[in-house]
Every structure is written in structure tokens, then in C-alpha cells.
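Here is the structure we will look at.
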Amino acid sequence: MEYINNRLCISHDELTDTDNGVMTKSQYVHYKRKGRLECLRRGFYAVDSLPTKYAQEVRRRNPDMCTTAKQRTLTDVIELDGAAHTFYSAHTFDSGKHLPPPVADEYAANASILNAFRNLLTKAASQRGRLGDPRLKITEFWKDKADVLPLISEQMPNTLPTYFKNLQRLFNRYTQEGYPALISPKYGNRNASKFKCAEQEAVAIRLLGDHRNLDNEQVAKIYNHIAKKMDWDLLTGRAFGYLRQKHGLTIAAATRGLNEFNNTRTMQAKRSLPTAPLLFWTADGWDVELHYQASDKDDNGRRVTTYNNRLTMVVVLDPFNNYPVGYAIGERENSKLIRAAMQNAMNHTRELFGTRYRTNQLQTDHYALPSLTPLYGVIADKVTPARVKNAKAKPVEPYFNYLNKKYFQLQPNWSGFGITSQKSNQPNYDMLDKIKHSFPDEDGCRQQIIAIMEMERASKVADYMAGFANVPAERLLPLTDEAYLLNFGATTGHKNAIEGNGLLPTINGVRRAYDCFNPQFREFAHLRWTVMYDEADLSKALAVNEDGTLRFMLESKYVQPMALADRKEGDADELARIRQFNKGLTTTITNRLAEAHESAERLMLEHPDLHNSYAKAIICDSRGQHKDQRNRQRRALNRTSVNVEAVEVKLVEECAPAVAVNQSIYDLY
């Protein structure tokens, strides 16, 4: 016997040997004539083509070779089912889980082998119908294939049952259901559910999601009390541990609160940094992690010193390169401190770029938002407050951690990270207690913070100023001096009236003089003004009337020397500027008087009955009356039939000198 084309073949001599042959020569001739013997090579016939009883006899006599033949018979017809591999790899259970990759490969191999069994059965049925072979004994077929499965485990790893009845049963289910029939119930927890109805699972989720955060044993105790009355299966604390993991998303919102759920479980947007300065700013307050000592008196009048005091810093951050464009330091966060940080940001942009610039977008939290919204509207073109308790949305939050680790942790009076940090990351509080007397006072702590923030600015200012060139022209939003002083300017608390030298407010105990080169300002000499100024730059100020409807920018008065010998460069230019302003003001007023006179005279010409001294001058008689004299003139005019045209000519002649060209306005009086 030998293999030909991977098929076990028996020779003619072995098949018809007189003493030890499988069949007689007459039987051989009979089957040969009927075409029942398949000759693969001259004198060699395929064993699997022999009638069943003869093929079985060959296998009985040559078990080893037949076993190998069985193995080859199956492996030769097995083809890897790619569709099965795709199905099992992509299969998803209700819990959202997939099959482990090794299991998916195992199921694909099982499906490929079962497909081969189906092909063999189909081929056997077709051959039997064509050649008239006796009906295939199905039991023998499955016994044979069950015996072969362990033999091909190295070539084709599989987990098909090796008991022929179980193998046949699985094949029948596979034929009916397809690929899902091979998936074990243990995957997807289909056979691990402890709940027989929806109410059981609902009670479990309700207990696991209780706001008191009950542990698994406590939940099991309460659940089992209910289960006994409802005739449900009792569960252990371990079972509820599995359920806590399975329903973790549902339970998290109830046990940890909606804010933590939004921050840790919901989908977060990923954002890119601004491409240039001034496009986006974010602001927030932080309790600086530096201790300082402060002394005060207690209720008994005794002096008590505390060493765990901390200052608060509000930072206005430009995430372009995490540049602190503005900051302010105070005892606690409030509207005043936030306003000071915004003012510092405005002035710092002028220091860097020569002009105060607003940002295109400002992100803040909701602290004092209603009262600060008008101020934010001045600072930014758009204001976008972050969602309440959504720290991850604000880039300034991780920036504080960066400052803490890079700078503040190196200071001897460092107080540590936040209270939620691990104890291993905190300083040695025993040592802090020993050195507490060396802690700086409040002013010293302020100087520490200022030095660190200026150091931080110095390390990033070059990149920040270089990025300014990339700001689109339409995104540059200058802040006018008027808008700056109106929103950030300080006041003396008093109102001032216009005097000969302008407005003379007293600022920080010094009387200062301000004036305005806007001619309209002097038309409101009857009003009293609030002077708003910037203590860092007293060269300019803003005058605002009581209801805020009038605003004029003021300049600090230029002081001219009395002695000509004291004059210096620029004095003459400033004096000429004043003279030019006064000349223009005089011309404006002169023109207004002339226009008023001309209008009045035109009225007199159009209404002759008004042409009398009382109508023109409204002068009273000795009794204090002017109406009687005016009426008497009218009656006299009515009694005399005077030609109107003649009167008009006379009036024109009388008024002609008054409207002479280039005549001085003062000659009218």
C-alpha cells in the first residue's frame, strides 16, 4: 500500500492475493467491469473507492496507514473559512464586548472543519447516487470523524467535541443556525445572569447607585431581604461586585454626581492651541501654595501669630504659549481682584506692543459673572464662560499645577499640593512647623509671587512677541484710552468744575491740572465732572459728567516757565498749540455770533411789523412794561397807509451798515 496524490491506494496483488487478499479475482473483475474501482496508477486502486465492506477490511488490516489516510482525507478537504474569521472577530455582545482573538481564531477553525464534514457528506451522497453504493452509515461516519479530530489538532487546532454524538449534534445545529451556533454561552454572560426578570436587575442597580455609596456586602444584605419576599435567588457581595463593574456607567452618575460624571465619563472635545497671541484668553483664581505669617489680636486682646496664611492670585493666561498676560495678587478672589488682573493684562499689552489690545475671546468661570460681564465685554470681543465645575475645559487649571511644580515647590515656605493629592507628594509638615518662624510676612510673600511671575514672563516673552506678527489684521482689537479709563480708572471721590486752568483734581494729596483741547468741553462749564485716572500714568485722564452721557479725554497741563531764560525745547511748541486752539475757539464763537445776528436781521426784514426798538431789543419802559409800547407802535403803523414796499426799502437801507462785508461783529453793538 502507498499514497498516491495524498490518497491511500492498494495494489492489485494485495487486493486479489489468493491467500491474504481482500477480495477474490472474480469479485475484482466484477467491480472492475462495473467501474467501481478507481485506478490512480497502473495496478493501484484508491481504498476510499472500494465498496464499503472491502474498504473497512483494508483499514482493519492496516490501522496505522488508514489512520494517516483518514487524517489526510480530512485535512485535504479543509479550507480556512475567511468569512467565519471575519464574523467571529467582529462579533459584539450586548455588553459591548468582543470575543477574545484566540477564541475567534478557534471558532473559525471549528467552522472550517465542519464545512469540510458537510462537503464530505455531500460528496458521499452524490457518489452513492451515481454508483449505486449502499447507504452511508451516518453513525460510522461521525465515529470516524470524531476519531480523526485529535489527529489533526496540531495542523488545525480546534475545540470540536470528540464524542461522535456531540459532534453530530453540534454539526446539525451549525447547519441550521450558521456561525452563531459555535459561540459558547459563557461569552457575553448569557448563562451567568442572576436575574430572571427586569425588576431584579432594576433593584440591584438602584441599590448600587444609592447616593450613600453602599459597599457590596451592604447592597447584598438589603437586596436579599427583598429577594426573600419576592422569591428571588439570593446573591452574595461578590456577585454585586461583578454587577458594579457591569453597570459602572449607569451607577457613576448616581454615586459620584453629575459633575464628575460629565468630567470623567462623557465624551470630551479635543482642542488645539491658539495659532497667535490675543486670539483666546482664559482667567481664573488660585490659592498660591506659599505660607506666610501674620499677626492679629484674638477676642481677649492677645497678639496671636498664624503661619498657614496664603494669598490668592488671579491669572489671565494666553494659551498660545501659556503666557501670563495679566495677574493680580490679593487676600482672596473677588471682583476687585479680577478687575485688577484684567487691568494688568491691558497695560501689559501696551508694554509689549505699544498699544492696549483686547482679546478676541475670553473664557472665565461663573464667579460674579453678572457684575463682571460689562467689564468682560470691554476686554474681549466674545465672552465664553466654561461650564460650571468643568475644570478640564479651562487651560489655566493645569497651568497652575505647572507653576506649582516648576517654581513654588522650590520655595522653603511651600505648603504642598491640593488636599486631594497623595500624602507622599506633600511636604514634611513637621519640618514646616520647625521653620515656620522664617516664613515671610504678607508683603514678602507678595514679592515672592511677583518675582516668580516676572521670571515666567521673561522665559516666554520672546516667543509671545514673535507670534504677534501672525495675528490677522482683522483680529487686532485696540482698546482706546477713553474705554480703558472709563472701566479701569480710579477716582478721587469728588467732582470738579471747569476753572481757568481746566479741571484741578487732587490725586494722592497732590493738586493736578488737566485740560482738554476739544472746544466742545468748554461749553459745559456749568457742569461738575468726575475725573478718572490711572495711577500708573497720570499724563491723561477722563472727565465724565454725572450721568455718564458726556466724556472728554484730558491732558495734564503743560507747565510753561515764567522766565524766558528757563525755556527749554518744546515749550514754544506747546505755547503755540494753546494759541492756535484759542484762535480757533475765538473764530468759532465769532462765526456763531455773526450767524445769529444775520438770522435775527433776516427775520426783521421778513416781518416789518417787528421793526421797532422794542421788538429788536425787548427793552422795558419806565413802568417795567414793553408790551404797551409795542402795541402802540403797531396801532400807529395801522393808521398810516404806508406802502409796504417803501417800508421794506427803508428797512434795508437802515440795516445795510449792519451787514456790511468784513465789518467787525463788535460794531453791531
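Tell me the net charge near Met342. Cut-off is 12 Å between Cβ atoms, Met342 excluded, with +1 for each Lys or Arg and -1 for each Asp or Glu.
For residues surrounding Met342, the net value is +4.
Read phi for every residue in the stretch 240-247 and hand back ³J(HN,Hα) as whole Hz from Karplus 6.51 cos²θ - 1.76 cosθ + 1.60, θ = phi - 60°, with x for Gly and Pro.
6, x, 5, 5, 5, 6, 4, 9
In Å and whole numbers, how far do the C-alpha atoms of the stretch 284-349 stretch along each principal axis, longest first?
52, 21, 15
Between Rg and the Kirkwood Rh of the stretch 482-596, both from Cα atoms, what is the Rg to Rh ratio?
Details: Rg = 15.7 Å, Rh = 15.6 Å.
When Rh is taken as the Kirkwood radius, the ratio is 1.01.
Just order 519-527, 51-59, 482-490 by mean Cβ neighbour count inside 10 Å, highest at the front, would you?
So the order, starting with the most tightly packed, is 482-490, 51-59, 519-527.
For the peptides 394-404, 247-257, what is the packing order when you average, over each peptide's residues, the other Cβ atoms within 10 Å and list the highest mean first?
394-404, 247-257
For the stretch 482-615, compute the number of Lys pairs whose alpha carbons are separated by less than 20 Å, excluding pairs fewer than 8 positions apart on the same chain.
5
Per residue, how much accessible area does the stretch 328-386 have with a 1.4 Å probe, in Å²?
On the way: 2530 Å² over 59 residues.
Accessible surface, normalised per residue, equals 43 Å².
Sort Lys436, Lys382 by accessible area with a 1.4 Å probe, largest first.
Ranked list, largest accessible area first: Lys382, Lys436.
Straight-line reach from Lys382: which lysines have a Cα under 25 Å away, not including same-chain ones fewer than 8 places off?
Within reach: Lys270, Lys336, Lys392, Lys394.
Kirkwood-based Rg over Rh for the stretch 197-238 (C-alpha set), two decimals?
Dividing the radius of gyration by the Kirkwood radius yields 0.94.
Which net charge results when you count Lys and Arg as +1 and Asp and Glu as -1 among the other residues whose beta-carbon is under 11 Å from that of Asn216?
Result for the local shell: +1.
Exceeding 20 Å between C-alpha atoms, which entries from my cross-link table qualify? They are Lys145/Lys165; Lys143/Lys165; Lys34/Lys143.
As for pairs spanning more than 20 Å Cα to Cα, those are Lys34/Lys143.
The values are calculated or read from the model by the stated rules, or taken from the named source; none is laboratory data. Given the structure is predicted, the values throughout are model-derived calculations rather than measurements. We place every Cβ from the backbone using ideal geometry, glycine too, and count neighbours over all the protein chains shown. With ligands, DNA and RNA removed, areas are computed over all heavy atoms of the protein, side chains included. Shrake-Rupley method; radii C 1.70, N 1.55, O 1.52, S 1.80 Å.
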